[in-house]
Structures are given as C-alpha cells and as structure tokens.
Amino acid sequence: MDSIRPEVKRFYSSQGSKISDKSHNQETTDLHKCISSIRHRTPDHEKANLCVLVTGALGGRFDHEAANINVLYVFSDMRIVLLSDDCLIQLLPKTHHHEIYIESSVEGPHCGIFPIGAPSTSTTTTGLKWNLSDAEMRFGSMISTSNIVDSDKVTVQSDADLLWTISLRNLT
C-alpha cells in the first residue's frame, strides 16, 4: 500500500488491523499482494470454500482495472469477485463446468462472457437469452456482450478461461 495516506494507515492500525509494508516490491499491485497473503494465510482445508470479494476494483483508471482483472487470471485457482457500483466480474477457469446461480433481486439482467489469455474455440452456455453453442470467441472477432440472463441458473463450459460479468441492480 505504497499510496496509503498516513491518517488511513493510523485508523486501520488503531482498529487492530495488521499493516504489512510491502511497498519495496513494485513488481506487483497492492491487490496481488493482498490475494497472495490471503492464499498464504488460509488453511488448506478452507481454500475450497474461499471467496474473496474485492470492492473498489473497477470504475477508476483503466490500467488499474486491467491489473485487477489480471489478478483474477494469476490466481485462477481462487474464487475472486471484483465488484463495482454497477457490475461484478469473475474468472471462469477452463478447467471447470460452471453453474452460476443468479440472485435476480440484485443481479442482472445484462451480462457478458469473453475469453481472457487465449481465444476460445468452443464455448457453450445455457440460461441466457442468446445462448452460445460451441461458439468461437476472441478479441478482434465475436465476444458475448450485452446478453441477458434468462434463468436463475446460467451454465458455462469452455476450452478457454473466460471473464463473466453481470450488472448489479441499483438498490437505492
């Protein structure tokens, strides 16, 4: 947290938070360091059920957003969800068949799926208004944006790592 304001650091220290100064390492972002610490400190038997929610990860500078999305890819063996005021993003690793349960009171209806790291030669979905059936997706060609959740469960199977994004309803 090389950019933390002194008064913010004092506040969290006074609340009992452990502050670990890793500012000497400029090779990784604060979020990368944080997720690495969580992974290291979580007992092995609890890692399968771990879900890290990251607020404030979207909606600022695009280079920071891209770095935060990169953390999803780097830590693809962990479930990490990036939250903003109006959407969430999570990685869907190619190693799994994904069942996404939609909480329609807070999520949707708009969603998108697109490959990250490599093109997809075969992506299939259910539960969307415009389902994909062995679809090829890559940047510079087709990616699935502006889709609509059409069910309380969405399934996704792909030969590539994908990013899933869904809109969040304004509850104010």
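Taking all protein chains together and rolling a 1.4 Å probe, His64 ends up with roughly 100 Å² accessible. Applying the Kirkwood pairwise sum to the alpha-carbon positions of the chain produces a hydrodynamic radius of 17.6 angstrom.
A simple spin-label model places the labels of His110 and Arg5 3.1 nm from each other, with each point 7 Å out along Cα-to-Cβ. Rounded to whole numbers, the Karplus 3J(HN,Hα) couplings from phi for the stretch 51-62 are 9, 9, 9, 10, 8, x, 8, 9, x, x, 5, 5 Hz, using 6.51 cos²θ - 1.76 cosθ + 1.60 with θ = phi - 60°, and x at Gly and Pro.
Work out the charge dipole of the stretch 86-171 with +1 on the Cβ of Lys and Arg and -1 on the Cβ of Asp and Glu about the Cα centre, then indicate which of Leu168, Leu91, Phe139 is farthest towards its positive end. About the Cα centre, the residue reaching furthest to the positive side is Phe139. Between Gly16, Gly60, Gly140, the Gaussian network model of the chain with springs among Cα atoms under 10 angstrom shows the greatest mean-square fluctuation at Gly16.
Suppose every K and R has +1 on its Cβ and every D and E has -1 on its Cβ; what is the size of the dipole of the chain about the Cα centre, in Debye to the nearest 20?
Numbers: 16 positive and 21 negative charges, 106 e Å.
Dipole about the Cα centre, nearest 20: 500 debye.
Applied to the stretch 109-126, the Karplus parametrisation 6.51 cos²θ - 1.76 cosθ + 1.60 on θ = phi - 60° returns per-residue 3J(HN,Hα) values of x, 6, 8, x, 9, 8, x, 9, x, 6, x, 9, 9, 7, 10, 10, 10, 9 Hz, with x for Gly and Pro. A convex hull fitted to the Cα coordinates of the stretch 69-166 yields 92 cubic angstrom per residue.
Taking the helices alone, the chain has a mean residue ellipticity at 222 nm of -6500 deg cm²/dmol, built from -39,500 (n - 2.57) per DSSP H run of at least 4 residues and averaged over all its residues. Working note: Karplus 6.51/-1.76/1.60 with θ = phi - 60° gives the stretch 85-93 the couplings 5, 10, 7, 10, 9, 8, 7, 10, x Hz, where Gly and Pro are set to x.
Rolling a 1.4 Å probe over the heavy atoms of the protein chains gives the chain an accessible area of 62 Å² per residue. For Ser37 and Ser14, a Förster radius of 22 Å and the Cβ-Cβ distance give a FRET efficiency of 0.60, rounded to the nearest 0.05.
Please report, as a whole percent, how much of the solvent-accessible surface of the stretch 11-101 comes from carbon and sulfur atoms (probe radius 1.4 Å).
So the carbon and sulfur contribution to the accessible surface is 51 percent.
Close amide H partners of Leu92, meaning residues 5 or more places away or on another chain with modelled amide H under 5 Å apart, are Leu162, Leu163, Trp164. Within the listed set Asn147, Asn68, Asn49, the Gaussian network model of the chain (springs between alpha-carbon atoms below 10 Å) gives the highest mean-square fluctuation for Asn49.
Restricting attention to the chain, close to 85% of DSSP beta bridges with both partner residues there are antiparallel. Give the relative contact order (percent, whole number) for the chain; include only Cα pairs under 8 Å separated by 6+ residues. Value for the chain: 22 percent. Build a GNM of the chain with springs between Cα atoms under 10 Å apart, and of Gln15, Gln90, Gln157 the one that fluctuates most is Gln15.
Cross-link partners for Lys18 among the lysines, with Cα-Cα distance under 27 Å and sequence neighbours closer than 8 places in the same chain left out: Lys9, Lys33, Lys47. For Cys87, the residues whose modelled amide H falls within less than 5 Å of its own, excluding neighbours fewer than 5 places apart on the same chain, are Leu168.
The values are calculated or read from the model by the stated rules, or taken from the named source; none is laboratory data. Computed from a predicted structure; not experimentally measured. Neighbour counts are summed over all protein chains in view; Cβ atoms, including those assigned to glycine, are modelled from backbone coordinates with ideal geometry. Areas reflect the complete protein model, heavy atoms only, side chains present, ligands, DNA and RNA absent. Shrake-Rupley method; radii C 1.70, N 1.55, O 1.52, S 1.80 Å.
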